[in-house]
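**Student:** Before we start, here is the structure in question, set down as structure tokens.
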Amino acid sequence: QVQLVESGGGLVQPGGSLRLSCAASGSIFSIDTMGWYRQVPGKQRELVARITSGGSINYPDSVKGRFDISRDNAKNSVYLQMNSLNVEDTAVYYCYAQVRRLFSGTVRDYWGQGTQVTVSS
């Protein structure tokens, strides 16, 4: 089994910053893409940032220039530095990893449990 554990969410004022962390553990041979999605009630989950094992990065225009994704392959971890936060960034943030399982070699997507980010004055 594979688990993703997120941390770092919370309440922040507009213009502030937060850093999210996510660590994957378990039966892992390798991880290709890791990333972050977010979701607000009544809306679809949307991509926030993703990074491949080779370091290629994608951001939607809504966060480009404000958010910064990074990863530590040795620790099977991914991070999201969020700056200049605004109220529209309020959501539950989910970590995501595309994992190749140890022994079986199968590839599957795994998700964290989600961490709440609230931007409010």
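The values are calculated or read from the model by the stated rules, or taken from the named source; none is laboratory data. What you see is a predicted model, and the numbers here were worked out from it, not measured in a lab. As a convention, Cβ positions derive from the backbone with ideal geometry for all residues, glycine included, and neighbour counts pool all protein chains shown. The protein model used for the area step is the full one, side chains on, heavy atoms only, and it has no ligands, DNA or RNA in it. Shrake-Rupley method; radii C 1.70, N 1.55, O 1.52, S 1.80 Å.
**Student:** Starting from residues that are hydrophobic (A, V, I, L, M, F, W, C) and loosely packed, with under 15 Cβ neighbours inside 10 Å, keep the ones in region 85-110 and report whichever is farthest from the chain's Cα centre (by Cα).
**Tutor:** The qualifying residue farthest from the chain's Cα centre (by Cα) is 103.
**Student:** Does region 59-84 hold any residues that are open to solvent by 70 Å² or more (accessible area, probe 1.4 Å) and not in a loop (DSSP other than H, G, I, E, B), and which are they? Spell out how you get there, then give the answer.
**Tutor:** As a first pass, look at region 59-84 and keep what is open to solvent by 70 Å² or more (accessible area, probe 1.4 Å): 61, 64-65, 68, 73-75.
Answer for region 59-84, where residues must be open to solvent by 70 Å² or more (accessible area, probe 1.4 Å) and not in a loop (DSSP other than H, G, I, E, B): 68, 73, 74, 75.
**Student:** Taking the residues in region 4-58 that are open to solvent by 60 Å² or more (accessible area, probe 1.4 Å) and among the aliphatic types (A, V, I, L, M) as candidates, determine which candidate is farthest from residue 117 (Cα to Cα).
**Tutor:** Once the filter is applied, the top-ranked residue is 57.
**Student:** Still on this structure, please answer the following. If you check residue 49 against the conditions, is it out of contact with any Asp or Glu (no Cβ under 7 Å at 6 or more places or on another chain) and more than 18 Å from residue 28 (Cβ to Cβ)? If you could, list the steps in order and put the result at the bottom.
**Tutor:** Details: out of contact with any Asp or Glu (no Cβ under 7 Å at 6 or more places or on another chain): yes; more than 18 Å from residue 28 (Cβ to Cβ): yes.
Considered against the rule, which asks whether it is out of contact with any Asp or Glu (no Cβ under 7 Å at 6 or more places or on another chain) and more than 18 Å from residue 28 (Cβ to Cβ), residue 49 comes out as yes.
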